[in-house]
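Visitor: If you scroll down you'll find the structure; I have some questions about it.
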There are 2 protein chains.
Amino acid sequence: MSQLVLHSYLNGKFYRGNSPLLKVNDLGLYRAYAVFDYLRSYNKTLFRVENYAERFLFSASEMHIHNPVLKTELVEILHQLNRLTNLPNIGIRLLLTGGYTKDGITPDKSNLIISSEMFQPLVNEQYQKGVKIITENFIRYQPHIKTNNYAHVIKLRKEKKMNDVYDVLYCYRGKVLETSRNNIFIINGNTLVTPQKNILHGVTRKVVLELAQNKFTVEEREISKKELLEAEEVFLTGTTKKVLPVTNINNQLFSKGKIGNKTKELLKLFDSYIQEYK
Amino acid sequence: MSQLVLHSYLNGKFYRGNSPLLKVNDLGLYRAYAVFDYLRSYNKTLFRVENYAERFLFSASEMHIHNPVLKTELVEILHQLNRLTNLPNIGIRLLLTGGYTKDGITPDKSNLIISSEMFQPLVNEQYQKGVKIITENFIRYQPHIKTNNYAHVIKLRKEKKMNDVYDVLYCYRGKVLETSRNNIFIINGNTLVTPQKNILHGVTRKVVLELAQNKFTVEEREISKKELLEAEEVFLTGTTKKVLPVTNINNQLFSKGKIGNKTKELLKLFDSYIQEYK
């Protein structure tokens with residue numbers, strides 16, 4: 001893939017192909033003052049678009065970045081970009097920045113940039129074999145929202161690659177939070193548990209909780225690192241991952257390296273939900 | 001000031017006026033994966049340019065961002081930009097980003113962007129009256145280096161303005177660290193103290209320590225919040241601030257709202273140093 005952006009929207013206008021240009025004195029670049037979100041389509045339908053739009057605007061409000069569009073307008077822009085791109089599966093990336101600064105620090109009129117991209121689903125092997133994660137003592141800045149603050153995990157990319165690690169699980173004061181890009185769940189018997197505080201409330205997390213309600217006892221609460229390592233099954237959820245089994249934590253085989261039956265069941269439920277999603 | 005950038009350098013080329021353009025899929029914008037620095041000139045001479053160049057390249061190395069230039073080349077680019085801009089006092093802003101990403105997360109060839117700007121010194125009143133700061137429990141990500149991670153302080157701008165606060169002093173676990181953009185010093189009797197760990201080692205901080213050596217007992221060590229509030233004099237140092245007295249902390253008049261004599265003496269020493277600086 002040599003070209004990331006397929007179509008884009010920048011402050012009211014749509015563009016075809018290539019990345020749009022921004023002046024360097026945008027505060028998103030100068031000062032990492034920007035909120036972010038990412039959604040996808042399945043078979044030409046944007047998945048839970050309202051949830052993503054709401055979260056994006058909530059992040060903007062929490063960061064005090066002026067949002068130039070109503071939620072209904074934002075949803076319409078996303079649909080329009082999806083129609084323009086006209087591919088069965090795309091990703092859409094949203095960025096709202098503090099705008100071009102005149103003195104290097106003071107925000108001006110925000111810049112809203114939305115781009116459609118080719119979507120590359122995970123390879124089947126990762127669903128069949130599960131993935132490896134490592135834990136790290138870290139907490140994101142403003143974990144309840146999504147900003148462009150991902151420098152930490154990019155910095156770790158070589159270390160991750162060398163150790164063949166799929167993602168880093170952030171823990172803080174002995175509690176399990178989230179991975180750098182996903183939420184985490186554990187299963188014990190018929191109980192499904194996922195952290196509730198100091199995390200991003202993922203849309204896929206939300207859907208999994210909805211789908212699991214009739215089959216599992218669902219708990220949203222603190223999980224200690226010890227509880228994680230002793231769990232029967234562990235999986236991640238995320239927009240690009242759906243329900244992804246974890247089979248290795250901190251270089252120890254987990255669940256004997258096999259994917260748990262309940263994780264499989266939840267992935268199946270999720271896949272059915274997607275197929276029927278309109 | 002309607003125009004921030006006077007001249008700029010982008011990946012080997014110099015440009016006149018206006019901000020250069022970058023594609024939005026630069027990782028500095030998408031993922032806040034960028035290092036930053038800022039230096040200034042006095043009377044057409046770049047101040048301590050070697051120190052700033054070293055720190056910038058150190059930040060790049062710590063963030064694992066590939067640096068495309070040698071230190072000598074970087075210093076030469078900075079001098080050339082200064083000559084091009086040809087004004088008595090300018091600011092120069094450096095940014096090195098993870099480059100244009102093809103998949104939204106993986107770095108590519110770094111982008112090096114350097115811009116010269118008009119420099120607006122602080123108004124005299126701030127040196128004569130001192131400034132007001134408030135403390136906050138916060139620690140920067142990777143405090144020993146300078147990244148573009150300034151979102152927190154921009155988020156707080158309205159609150160700061162409402163309370164007429166000049167800067168926010170980050171404290172962590174009861175220890176004084178640094179303000180959002182400056183280092184901090186306290187004076188008691190003939191002893192000058194400044195934190196040493198979990199801070200950015202500012203160039204102005206370094207110069208002040210050098211200048212103070214013959215007149216003060218200098219200590220680089222932990223300072224508790226209590227010690228700060230009981231100090232005789234407090235001041236900030238920074239590239240754009242030189243030596244700036246603090247006369248109000250957390251809405252309490254400090255030093256009876258007057259500027260201490262030793263702070264004045266250090267500012268005088270600093271100003272002499274600038275005048276003789278070649």
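Computed from the coordinates by the stated procedures, all read-outs in this text should not be read as laboratory data. Quick caveat, the model's predicted, so the values are computed rather than measured. Here Cβ is always computed from backbone atoms with ideal geometry, including for glycine, and neighbour counts include all displayed protein chains.
Visitor: To one decimal in nm, how far is A:ASN43 from the same spot in the other copies, if labels go 7 Å from Cα toward Cβ? Please give the shortest first.
Guide: 7.6
Visitor: While we're looking at this one, here's another question. Output needed: percent of Cα pairs per 10 Å distance bin for the protein assembly as shown, bins running from 0 to the one holding the longest distance.
Guide: Reading the bins upward from 0: 3, 17, 25, 24, 17, 9, 4, 0.
Visitor: Explain nothing, just compute: Karplus ³J(HN,Hα) = 6.51 cos²θ - 1.76 cosθ + 1.60, θ = phi - 60°, for every residue of the stretch A:243-253 in order, whole Hz, x for Gly and Pro.
Guide: 10, 10, x, 9, 10, 8, 10, 6, 6, 10, 4
Visitor: Got the B:GLN80 label distances to the other copies yet, label 7 Å along Cα→Cβ, in nm, shortest first?
Guide: The answer, with the shortest distance listed first, is 4.3 nm.
Visitor: With each pseudo-label sitting 7 Å past Cα toward Cβ, what's the B:LYS44-A:LEU253 distance in nm, one decimal?
Guide: So the two model labels end up 7.4 nm from each other.
Visitor: Using the Kirkwood radius over Cα pairs, work out the Stokes-Einstein diffusion coefficient for chain A at 37 °C and 0.692 mPa s, in µm²/s as a whole number.
Guide: Here the translational diffusion coefficient equals 166 µm²/s.
Visitor: Taking only Cα atoms and a 10 Å spring cutoff, compute GNM fluctuations for chain A and point out the largest among A:ASP37, A:ASP108, A:ASP26.
Guide: Taking springs between Cα atoms under 10 Å, the residue moving most is A:ASP108.
Visitor: Further, regarding this structure: Can you tell me the relative contact order of the stretch A:124-276? Whole percent, Cα pairs under 8 Å, sequence separation 6 or more.
Guide: With pairs under 8 Å counted, the relative contact order is 27 percent.
Visitor: Jot down the per residue volume, in cubic angstrom and as a whole number, of the convex hull over the alpha-carbon atoms of the stretch A:1-41.
Guide: About 118 Å³ per residue, rounded to a whole number.
Visitor: Run the dipole for chain B about the Cα centre, Lys and Arg Cβ at +1, Asp and Glu Cβ at -1, nothing else charged, and hand back the magnitude in debye, nearest 20.
Guide: Here the size comes out at about 460 debye.
Visitor: Suppose you put the label 7 Å out from Cα in the Cβ direction; list, shortest first and in nm with one decimal, how far A:GLU54 is from each other copy's label.
Guide: 5.4
Visitor: With each run of n ≥ 4 DSSP H residues scored as -39500 (n - 2.57), what mean residue ellipticity at 222 nm is computed for the protein assembly as shown after dividing by its residue count and rounding to the nearest 500 deg cm²/dmol?
Guide: -8000 deg cm²/dmol
Visitor: Would you grab the residues whose amide H sits under 5 Å from the one on B:SER180? Only those 5+ places off in sequence or on another chain, please, with H modelled 1.01 Å from N.
Guide: Amide H neighbours of B:SER180, under 5 Å, 5+ apart: B:VAL168, B:TYR170.
Visitor: Here are some pairs, A:LYS102/B:LYS158; B:LYS206/B:LYS258; A:LYS206/B:LYS109; A:LYS160/B:LYS175; A:LYS146/B:LYS13; A:LYS71/A:LYS102; which of them have Cα atoms lying more than 27 Å apart in this structure? Don't skip to the answer; put the middle values down first.
Guide: Values: A:LYS102/B:LYS158 17 Å; B:LYS206/B:LYS258 25 Å; A:LYS206/B:LYS109 37 Å; A:LYS160/B:LYS175 33 Å; A:LYS146/B:LYS13 35 Å; A:LYS71/A:LYS102 29 Å.
Result: A:LYS206/B:LYS109; A:LYS160/B:LYS175; A:LYS146/B:LYS13; A:LYS71/A:LYS102 exceed 27 Å.
Visitor: Okay, next question. Does the stretch A:1-153 come out rounded, prolate or oblate, given a ≥ b ≥ c as the square roots of the eigenvalues of its C-alpha gyration tensor, rounded meaning a/c under 1.5 and, failing that, prolate meaning a/b above b/c?
Guide: Oblate, because a/c is 1.5 or more while a/b does not exceed b/c.
Visitor: Additional query: Suppose we keep just the DSSP beta bridges with both residues in chain B; what percent of those would be antiparallel, to 5?
Guide: Working: 47 of 59 bridges.
Antiparallel bridges: around 80 percent, rounded to the nearest 5.
Visitor: Where a ≥ b ≥ c are the square roots of the eigenvalues of the C-alpha gyration tensor, would you call the stretch B:235-278 rounded, which needs a/c under 1.5, or, failing that, prolate if a/b is larger than b/c, or oblate?
Guide: Taking the square roots of the gyration eigenvalues as a ≥ b ≥ c, the stretch B:235-278 is oblate.
Visitor: Here is a follow-up. Distance from the Cα centre of the stretch B:232-255 to that of the stretch B:115-145, in angstrom?
Guide: Distance between centres, Cα-based: 10 Å.
Visitor: Sequence neighbours fewer than 8 away in the same chain don't count; with that in mind, list the aspartates and glutamates whose C-alpha is under 15 Å from B:LYS278.
Guide: List returned: B:GLU50.
Visitor: Shape call for the stretch B:124-276 from the C-alpha gyration tensor, a ≥ b ≥ c root eigenvalues: rounded (a/c under 1.5), prolate (a/b greater than b/c) or oblate?
Guide: It is rounded, given that a/c, with a ≥ b ≥ c, falls under 1.5.
Visitor: Sticking with this structure for a sec: Could you tell me the relative contact order of chain B? Use alpha-carbon pairs under 8 Å, at least six residues apart, and round to a whole percent.
Guide: 17
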